[in-house]
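The values are calculated or read from the model by the stated rules, or taken from the named source; none is laboratory data. As the structure is a computational prediction, the values presented were derived from the model and not from experiment. Glycine also receives a Cβ, built like all others from the backbone with ideal geometry; neighbour counts cover every protein chain displayed. Each accessible area value is taken on the protein alone, full model and side chains, heavy atoms only, with ligands, DNA and RNA left out. Shrake-Rupley method; radii C 1.70, N 1.55, O 1.52, S 1.80 Å.
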Amino acid sequence: MPMGCFNAGTRRDSSFLRGFRAALDTGGRSGERAPSAVIETEHLTRSYGARKAVDGLTFSVPGKQVVGFLGPNGAGKSTTLKILAGFLPPSSGVARIDGYDVVEASLEARRRLGYMPETAPLYPELRVREYLSFRAELKGVTRDRKKAVDRALELTDITDMQHRLIGELSKGYRQRVGLADAIVARPPLLILDEPTEGLDPNQVLKFRALLKDLAREATVFLSTHILSEVEAVCSHVVIIDRGRIAAQGPLSEVLAELQGAGRLVKLAVRLPEGLSEEALRALLKGIDGVVVESVEREGALGRCALRVPSGEAEAAALEAVVRACVGAELGVRELTPQARSLERVFQALTEPKSPSAERPS
Amino acid sequence: MRSTWALYKRELLSSFCSPMAYVVLVSFLLFNGMIFYFFMKITASQPAPTLTGTRGPLQMFFGSTILSVLTPLVFCPALTMRVFAEERRSRTLETLLTAPVTEESVVCAKFLGAFTVYATLWVPTLLYALVVRRYGPVDWTGLGAAYAGTLLVGGAFLAVGVLMSALARSQVTAFLLSFLVIGGAMFALGLGSYIFNDNEAVRRFFSYVNLWEHMEHFSVGVVDSRAVVYYTSVIALCLGLTTRALGSSREAG
């Protein structure tokens, strides 16, 4: 049963990609820069020897929002971020931060960003405050450096730790020191490489709230492979796979585009011996707007995968499903809208497409 | 300039916060103290003790033996092995180079930091002059020249060390490379002036790069501008190359 949904996703995906690439091509040709784009890349490529870690990425990131940069492990996320942060030069292609080329005007580009690499490397022999003060000075915070450090400490909730040695801190705290470093000079762009890695659930929630706060005055570009994070904080996504763009755009659009019109719902009802799966299928088929993707018997239960219209019609359709089942004296045991839609999007986009592969959705 | 200052302060903070600096300082003083004691004993046991003047223990300490160059040869690589190799290992090079700083200011700050630590190592040796002063007058200008020479030679060694640290993957490699390059290229080169002494032009070339000869002159108060030019050129060349190496280390990831 899950296979059906997966295949449906795959079909939509390919058509979406075609449309997407067409849109890309026109964007590349015009060569015009939208003034609102904070990050812009054109055919960005980076090879390590013969292997292309990043292969012709063209994307743009609009300002003042949280943008998710998604991809499976080894997709080239970190490499791309290193290029954007001015650490790695691209093998070919162009990347611009706020209109400044990261190679040609590297210093200007770097002045406009706060970068937190994966695992937040720090100097263990320094104290938190010493480190942040050093970083602020390095980034040209001359006036009110103390205030800037105080603000960064406060926002990342590590004021209590300011006199501790960095080497003594736990991973979560170090991560926050890394973030405090990224925001200390109030750059218009934050580039964060897997920032919530190693944080406990409470910290993750705080962290997300902080990101949303920060997005009021800066653009946050964060890489992650945690999809719930993207759904929780990002309004825009760029998805890459094996060094290539798989999708980009506002989160809702990417989701809608890939998900199609419907939303997947799992239904489990009590199915007495006397009633066949076909009868159940026929019952559900009669409901307005509901598409039955699969029906299977599992002992005394009938498990179905339904597709209901998304948006306002969704609630009505779900109610109708429950009413129909209860009316036919079939007790509803489970009704689960598949909320983790981005996960499916992600799979559909990034996994090798072999028709025999069966994956739980 | 401002970022160089910030980086320089960070270098000093990290150097003096780590136990390594104190291990180096203690072994340095132990080593030099023994040498100085040895020279004091030699001069004092001579029939006509010459504790001051051009053959005194201070001059011997800074000039006339191989030991005066041997100390920087061992200690300079130890001071610089950390500077880039450690940043690369702990990946802080990434945060460092993505801050709005130029490679030049990073290299300058690293060099100046190591140089300051090196100079600090020599400060306690001023006590030796006070010891000598109990037995007679000290030639303070001569001593000044000797310190200037020591700092120049050390500076050149440190610059080589900084370059090797930028090239090497680990601290140990950085130490060995600097030791080999300084020992092989700078230390051994001076031997030429003793080996090829039948050809005047060749001898003069090797004498130009002969560390011991330089130190012998410095120790008696002669500041030879050729030596000053030689060491400052080595420093400039090495730091220039380090800047390039840092740029290409970005390429290597």
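Here the protein assembly as shown was treated as a single set of alpha-carbon atoms; its pair distances binned every 20 Å from 0 give 17, 36, 26, 14, 6, 2, 0 percent.
Helix-only arithmetic for chain B: the sum of -39500 (n - 2.57) across DSSP H runs with n ≥ 4, divided by the residue total, places the mean residue ellipticity at 222 nm at -24500 deg cm²/dmol.
Residues B:V23, A:V332, A:V321, ordered by accessible area of protein heavy atoms at a 1.4 angstrom probe radius and largest first, appear as B:V23, A:V332, A:V321. DSSP beta bridges fully contained in the protein assembly as shown are about 70 percent antiparallel. Relative to the longest principal axis of the Cα atoms of chain B, the long axis of helix B:171-181 makes an angle of roughly 50 degrees. Charging the Cβ of each Asp and Glu at -1 and of each Lys and Arg at +1, and nothing else, the dipole of the stretch A:161-227 about its Cα centre rounds to 200 debye.
Quick one: net charge around B:C238, please, counting Lys, Arg +1 and Asp, Glu -1 for every other residue with C-beta under 12 Å from its C-beta.
Neighbour charge sum, excluding B:C238 itself: +2.
Summary value for the stretch A:261-338: 46 percent relative contact order, contacts being C-alpha pairs under 8 angstrom separated by 6+ residues.
With each label modelled as a point 7 angstrom along the Cα→C-beta vector, the A:R143-A:K206 pair spans 3.2 nm. In this label model, A:R333 and A:H163 are separated by 6.1 nm, measuring between points 7 Å along each Cα→Cβ vector.
Taking B:W122, B:W5 and ordering them by how much accessible surface each has at a 1.4 Å probe, largest first, produces B:W5, B:W122. By a straight-distance test (C-alpha under 16 Å), which lysines pair with B:K110 as possible cross-link partners, with residues fewer than eight away in the same chain excluded? Within reach: B:K9. In this structure the amide hydrogen of A:V237, modeled in the peptide plane, comes within under 5 Å of the amide hydrogens of A:G68, A:G249, A:L251, none closer than 5 places in sequence on its chain.
Applied to the stretch B:9-25, the Karplus parametrisation 6.51 cos²θ - 1.76 cosθ + 1.60 on θ = phi - 60° returns per-residue 3J(HN,Hα) values of 4, 5, 4, 5, 4, 5, 5, 7, 8, 9, x, 3, 4, 7, 4, 4, 4 Hz, with x for Gly and Pro. Here the Karplus curve 6.51 cos²θ - 1.76 cosθ + 1.60, taken at θ = phi - 60°, turns the phi angles of the stretch A:105-116 into couplings of 10, 4, 5, 5, 5, 5, 5, 9, 9, x, 10, 10 Hz, with x standing for Gly and Pro.
To the nearest 10, the accessible area of B:T120 is 50 Å² with a 1.4 Å probe. Look at where the Cα atoms of the stretch B:109-138 and of the stretch B:64-107 average out, and the two centres are 21 Å apart. Working ranking of peptides A:122-128, A:225-231, B:162-168 by packing, defined as the average number of other Cβ atoms within 10 Å per residue, highest first, is B:162-168, A:122-128, A:225-231. When the stretch B:2-119 is described by a simple charge dipole with +1 on each Lys and Arg Cβ and -1 on each Asp and Glu Cβ, the residue from B:T80, B:L25, B:Y118 located farthest towards its positive end is B:L25.
Relative contact order of chain B: 27 percent, from C-alpha pairs under 8 Å at least 6 residues apart in sequence.
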